[in-house]
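In what follows, a single structure is set out as structure tokens and then discussed.
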Amino acid sequence: MKILVTGGLGFIGSHTVVELQNAGFDVVIIDNLSNASIEVLDGITSITKKAPEFEKLDLRDKLKVQAFFEEHQDIDGVIHFAASKAVGESVEKPLLYYENNINTLVYLLQELSKKGNANFIFSSSCTVYGQADQLPITENAPVKPAESPYGNTKQIGEEIIGDTCKVYNELNAISLRYFNPIGAHPSAEIGELPIGVPQNLVPFITQTGMGLRQELSVFGDDYPTPDGTCIRDYIHVVDLAKAHVVALQRLLKGANKANYEVFNVGTGKGSSVMEVIESFERVSGQKLNYKIAPRRPGDVIEAYADTTKANEELGWKAVSTLDDAMASAWKWEQKIRKK
Ligand code: WQD
């Protein structure tokens, strides 16, 4: 079985390619290298001893997408990660985000709808829930008006897939709504490679731990939470990668109950910013420099998943703890800074 992974050299994409190969799938990666390094291909290969096929291709080029599918008639499934994902940047450059995250999805679905049976996994995000009214968050929680163009592209993307599946019942799709992916492969051969100043908490912590950043700013400690800092559901990226494999296998064996399904992918446990800092200090054995700073606009107070549906329907459950994930992130940070 051959699986196309778009954005397969990115953070979650590369970890998913490893798990797909471990599960016996052949993989072809499309990536335009706008937010990933070609060296990631070596990292994947050093883990699995099997080099995935790779094509540098920008999915915004409709003709190139068509040509790719004409050349690769043997694709049994597609996992679509390729997208821009920086919340702040999306506010400044909305059209870049709508072009890169929406047009590319439409071009992929146009090709898949030409095939007979097609299987499609979409990289979505808990950001579609905004600040949920009830916690933990189930898949039935209402989708709230997006706080950013990035979040809007995930909402619109899900709607496009849902509408398409209504017409093309040979197209089987699953959207996976990720909570907060963190960590790195235990081998430290692949991991997160943020470009510039990390926007996300964990890479900022590990870079501060390495002395690359002066100190972490904790964006607010006056929230209505036990320690005043925001709560998130931090999931080890390897657990998240494995969720993609089981979701794909569900479609390939026809076990899906509808031709479009949505699953939350998290641990089901919320952790505050301070708890993440404490986890880092435990696993690294060193104190972290941080200060309390003003709240970051757009932050939700608390978000963590109800994972019942994924546990029961997919037969998948996250197994790594926050310390496991933090330790893997720290090992990776130390490795890449040694180069
Ligand atoms: C987590 C917590 C911050 C940095 C975003 C996207 C989401 C997904 C994951 C792509 C928050 C606090 C952070 C810092 C801090 N991305 N923080 N100091 O915002 O939950 O989710 O990334 O799919 O779509 O919205 O993750 O890591 O940015 O922040 O205090 O320097 O850490 O305020 O409470 P977030 P995050």
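The values are calculated or read from the model by the stated rules, or taken from the named source; none is laboratory data. Computed from a prediction, not measured in an experiment: that's the story for all the values here. Cβ: placed from backbone, ideal geometry, glycine included. Neighbour counts: every protein chain shown. For the accessible areas, the whole protein counts, side chains as well, though only heavy atoms, and no ligand, DNA or RNA atoms are used. Shrake-Rupley method; radii C 1.70, N 1.55, O 1.52, S 1.80 Å.
Of the solvent-accessible surface of the stretch 45-95, computed with a 1.4 Å probe and all protein chains present, 54% belongs to carbon and sulfur.
Have a look at K253, K287, K309 and tell me which one the Gaussian network model of the chain (Cα, springs below 10 Å) gives the largest fluctuation. Highest fluctuation among the options: K253.
Residues of the chain: accessible area per residue at 1.4 Å, in Å²? Let's see the in-between values first.
On the way: 14720 Å² over 339 residues.
Roughly 43 Å² per residue, with all protein chains present.
Ligands, DNA and RNA left out, the accessible area of the stretch 129-195 computed with a 1.4 Å probe is 50% carbon and sulfur. In the stretch 284-339, what percent of the accessible surface is made up of carbon and sulfur (1.4 Å probe, ligands and nucleic acids excluded)? On the stretch 284-339, the fraction of accessible area on carbon and sulfur atoms equals 50 percent. The relative contact order of the chain, computed from alpha carbon pairs under 8 Å that lie at least 6 residues apart in sequence, is 19 percent. Take the alpha carbon gyration tensor of the stretch 1-78, find the square roots of its eigenvalues, order them as a ≥ b ≥ c, and report rounded if a/c is under 1.5; if not, report prolate when a/b exceeds b/c, else oblate. Oblate. A Gaussian network model of the chain, with springs between Cα atoms under 10 Å, assigns the largest mean-square fluctuation among D323, D233, D222 to D222. First check a/c for the stretch 122-230, with a ≥ b ≥ c the square roots of the eigenvalues of its C-alpha gyration tensor; if it is under 1.5, answer rounded, and if not, answer prolate when a/b is larger than b/c or oblate otherwise. Judged from the Cα gyration tensor, the stretch 122-230 comes out oblate (a/c at least 1.5, b/c at or above a/b).
One compactness figure for the stretch 110-162 is 1.35, namely its Cα radius of gyration divided by 2.2 N^0.38 Å. Our estimate of slack between A258 and V319, defined as 0.36 nm per intervening residue step minus the Cα-Cα distance, is 19.2 nm. Highest GNM mean-square fluctuation among S34, S125, S272, for the chain modelled with Cα contacts below 10 Å: S34. For the chain, the 222 nm mean residue ellipticity estimated from helices alone, with every DSSP H stretch of n ≥ 4 adding -39500 (n - 2.57) and the total spread over all residues, rounds to -11500 deg cm²/dmol.
Counting only Cα atoms, the size of the stretch 254-296 along its three principal axes is 50, 27, 12 Å, in decreasing order. Projected label points at E170 and I301, each 7 Å from Cα along the beta carbon direction, are separated by 5.0 nanometres.
With a/c under 1.5 counting as rounded, go ahead and sort the stretch 39-82 into rounded, prolate or oblate using the C-alpha gyration tensor (a ≥ b ≥ c being the square roots of the eigenvalues; past the cut-off, prolate if a/b is larger than b/c, else oblate). It is prolate, given that a/c is not under 1.5 and a/b is the larger ratio. Over the Cα atoms of the stretch 13-163, the radius of gyration divided by the Kirkwood radius equals 0.98; this is the Rg/Rh ratio.
For the stretch 172-269, the mean projected area of the C-alpha convex hull, equal to one quarter of the hull surface, is 8.8 nm². For the stretch 33-114, the pair-distance distribution built from all alpha carbon pairs, in bins 5 Å wide starting at 0, is 3, 12, 20, 21, 19, 15, 8, 2, 0 percent.
With a simple spin-label model that places each label point 7 Å from the Cα along the Cα-to-Cβ direction, the separation between K287 and K335 comes to 3.0 nm. Distance between the pseudo-spin-label points of K115 and D227 (7 Å out from Cα toward the beta carbon): 4.6 nm. Note on the stretch 204-339: Cα Rg divided by 2.2 N^0.38 Å, N the number of residues, gives 1.23. Size descriptors for the chain (Cα atoms only): Rg and Dmax, in that order, 19.2, 56 Å.
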